[in-house]
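Taken together, the values in this text are just the output of simple stated rules run on the coordinates, not laboratory data. Just so it is clear, the model here is predicted, and its values are computed rather than measured. Every residue, glycine among them, receives a Cβ derived from its backbone with ideal geometry; neighbour counts consider all protein chains shown.
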Amino acid sequence: MELAKAQILKTIHEEVRRCERCPLHQGRTHAVPGDGPADAEIIFIGEAPGFHEDQQGVPFVGAAGKLLNKLLEQAGIDRRKVYITNVIKCRPPGNRDPQPDEVAACKDYLTRQVELIHPQVIVTLGRHSMARAFPGDKISLIHGQPRQINDLIYFPMYHPAAALHQPSLRGTLAEDFRKLRELLDGNLQAEEYQVQPDVEQLSLF
Ligand code: URA
């Protein structure tokens, strides 16, 4: 079963590497499908690959990735056991924000990754990732607060790159990772979240 899942995940990754669904493929060195095992219990979802990710084809290997590694280590989470991906899989020019048509073109990959892996917890890193699940919310108000929808827990956090630009967020992120540890240990309860009927939401992602 897990072998079959791993094989399907590999197939999704190969599709992403060949993808030409939006113009971003023209400027890429590598598409960045995602990294981690198909049986991961946690998925981290960032925004988009940056320079180093585009060079290597692996998510979160640049400066933001180094901070993410440190936060994971402090929380006692083994990076090799989590799955890490992004809302869009190719680097936007100059690291600009992903555009709605690019997010739409990439949506199906993220949905398939989330549905296949079916983790216990989805950690959204930054507002673009948060907005896939909670489009009406502000990250400054909901970060660090786990929300349960059916059997999935969503855990919104600031993006590590935001903490590189704004050092005061560093402590906030560390605190949110501490809460994630509590959640995983069963010492923090997620709030049951009612999906807003008027908001286009959650085909998972
Ligand atoms: N920032 C992201 O959102 N994703 C990466 O993979 C790297 C930096």
Q: Give me the net charge of L125's neighbourhood, meaning all other residues with Cβ under 12 Å from the Cβ of L125; Lys, Arg count +1, Asp, Glu -1.
A: 0
(Q) Which of rounded, prolate or oblate describes region 85-126 when judged by the alpha-carbon gyration tensor and an a/c cut-off of 1.5? (A) prolate
Q) What nm distance separates the two modelled labels at A190 and T11, each placed 7 Å from Cα along Cα→Cβ? A) 2.7
Q | Inverse mean reciprocal Cα-Cα distance (Kirkwood Rh) of region 55-148, Å | A | 14.8
Q.
Within the chain, how many Lys pairs that are eight or more residues apart, or on different chains, come under 28 Å at the alpha-carbon?
A. 24
Q. Full extension from N150 to A174: what is 0.36 nm times the residue separation minus their Cα-Cα distance, to one decimal in nm?
A. 5.9 nm
Q. Rounded, prolate or oblate: which fits region 19-71 when a ≥ b ≥ c are the square roots of the eigenvalues of the alpha-carbon gyration tensor, with rounded for a/c under 1.5 and prolate only if a/b beats b/c?
A. oblate
Q) Cα atoms only, region 2-196: Rg and Dmax in Å? A) 15.7, 47
Q | region 32-105: projected area of the alpha-carbon convex hull, averaged over directions, in nm² | A | 5.1
(Q) Quick one: 3J(HN,Hα) in Hz for region 77-94, Karplus 6.51/-1.76/1.60 with θ = phi - 60°, rounded, Gly and Pro as x. (A) 10, 7, 4, 5, 9, 10, 9, 10, 8, 9, 5, 10, 9, 10, 6, x, x, x
**Q.** Most to least packed among 184-192, 147-155, 166-174 [average Cβ atoms within 10 Å]
**A.** 147-155, 166-174, 184-192
Q. Farthest toward the dipole's positive end in region 2-196, which of I122, P49, P100, given Cβ charges of +1 (Lys, Arg) and -1 (Asp, Glu) about the Cα centre?
A. P49
Q: Please work out the C-alpha center-to-center distance from region 125-171 to region 1-30 and express it in whole Å.
A: 25
Q: Would you compute, from DSSP H runs of 4+ residues alone, the mean residue ellipticity of the chain at 222 nm, taking -39500 (n - 2.57) per run and dividing by the full residue count, rounded to the nearest 500?
A: -13000 deg cm²/dmol
